[in-house]
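The values are calculated or read from the model by the stated rules, or taken from the named source; none is laboratory data. What you are looking at is a predicted structure, and each value in this text was computed from that prediction instead of being measured. For neighbour counting, all protein chains shown are included, and Cβ atoms are generated from backbone atoms with ideal geometry for every residue, glycine included.
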Amino acid sequence: MRDLNYELKQLCHRNRDGSYMTQRDRERVLDQIANQLHAMGYRHLKASSLKPKHVERLVEQWKSEQLAVGTMKNRMAELRWWAEKIGKQNVIAKDNDYYGIGNRQFVTKDSKARELTVGDLARITDPYTRMSLQLQAAFGLRRGESIKIRPDWADRGDQLALKDTWTKGGRAREIPIRNDEQRRVLDEAKKLAGTGSLIPSEKRYVEQLRRFEYQCAAAGIHRVHGHRHQYAQTRYRELTGWPAPAAGGPRSKELTPAQREIDREARLTISQELGHERAQITAVYLAR
């Protein structure tokens, strides 16, 4: 473990602010930030070394990855926590506007879909990370789901079943296996994982998550959440017969009454497959 990763981990353990989940998420975010700083060329940093230039470079990196405003704000909150604990609050501006981080935009006007390419996979050296990425693209899984999943257990023939312990919010769900590509990816995942998960037997979840993040960063694969957007937009076209608004299709106000009903049913189906409770959330993936 590099010095900065270790010192930030110790900083978190000495300052247990918030709930257990808050503490866990903070440690994960700070570990990811330490990895990013190392990848930028800042080697041998200590927790006490944080400077304005580090914050500015991180924000530049996040913007280049086209991270959601909410994600950047959450990371800035953890950076401020770090700065406060080392007595360097002034290295970070108090207002996110200083860094050009605006308000959250829940409904996008532009597509955030990201296609997983053969070139992407060729740059990934860890087979478990490569397999998780393929499951994300094929089934619209969240990152955590694609790591925790036990493919052998999840395969129900014509459905991919996700346990509540793997999912965000603890909501079990099933996703239809609709095509040969999904079947191929799932069979490959079963072969790799055996009866276990896509976490190697010698690692814990947080360690494999860290490896996943490092592998993607090193391979230049950013915005992996875009694979869910791509899945949603592909499903929308299958279910409706026309592209989603975010992919250049007609907006809701341009649809006929009959088409609006098809649109409504499609959004409800996609919402369930992505693990959301409300169909309205699909506007994030599909636009209106």
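Report yes if A217 is surrounded by fewer than 21 Cβ atoms within 10 Å (Cβ to Cβ), of a type outside the set (K, R) and either part of a loop (DSSP other than H, G, I, E, B) or out of contact with any Pro (no Cβ under 8 Å at 6 or more places or on another chain) (or both), otherwise no.
Yes, satisfied.
Part of a helix (DSSP H, G or I) and either without any contact (Cβ under 8 Å) to a residue 40 or more places away in the chain or within 22 Å of Q36 (Cα to Cα) (or both): does that describe R183?
It is true that R183 is part of a helix (DSSP H, G or I) and either without any contact (Cβ under 8 Å) to a residue 40 or more places away in the chain or within 22 Å of Q36 (Cα to Cα) (or both).
Given the structure, is K63 in a loop (DSSP other than H, G, I, E, B) and of a type in the set (K, R)?
In short, no.
Would you check which residues across segment 252-288 are in contact (Cβ under 8 Å) with a residue 24 or more places away in the chain, closer than 14 Å to E238 by Cα and over 19 Å from the mean Cα position of the chain (by Cα) and list them?
Hits for segment 252-288 are E265, A266, R267, T269.
Is one or more of the residues making up segment 198-212 crowded, with 18+ Cβ neighbours inside 10 Å, of a type in the set (F, W, Y) and either assigned by TED's automatic domain parsing to the domain that holds S132 or not in a helix (DSSP H, G or I) (or both)?
There is at least one residue in segment 198-212 that is crowded, with 18+ Cβ neighbours inside 10 Å, of a type in the set (F, W, Y) and either assigned by TED's automatic domain parsing to the domain that holds S132 or not in a helix (DSSP H, G or I) (or both).
Hey, can you tell me all the residues within segment 117-150 that are outside any helix (DSSP H, G or I) and either of a type in the set (A, V, I, L, M, F, W, C) or without any contact (Cβ under 8 Å) to a residue 40 or more places away in the chain (or both)?
Correct list: T117, I124, L141, I149.
Quick one: how many residues across segment 193-233 are small (G, A, S) and closer than 18 Å to W166 by Cα?
Selection size over segment 193-233: 5.
Of everything in segment 47-71, what is surrounded by fewer than 18 Cβ atoms within 10 Å (Cβ to Cβ) and either polar (S, T, N, Q) or touching an Asp or Glu at 6+ places or on another chain (Cβ under 6 Å) (or both)? Give them in sequence order.
Within segment 47-71, S48, S49, Q61, S64, Q66, T71 qualify.
Go through segment 182-236 and give me each residue that's over 19 Å from T125 (Cα atoms) and polar (S, T, N, Q).
Q182, T195, Q230, Q233, T234
Give just the number: which of (1) assigned by TED's automatic domain parsing to the domain that holds K53; (2) of a type outside the set (D, E, K, R); (3) surrounded by fewer than 19 Cβ atoms within 10 Å (Cβ to Cβ) does V118 not satisfy?
(1)
Any residue in segment 56-75 that's over 22 Å from Q23 (Cβ atoms): show its pairings with residues that are of a type in the set (K, R) and exposed (fewer than 15 other Cβ atoms within 10 Å of the Cβ) at Cβ separation under 7 Å, as long as the two are six or more apart or on different chains.
Correct list of pairs: V69/R104.
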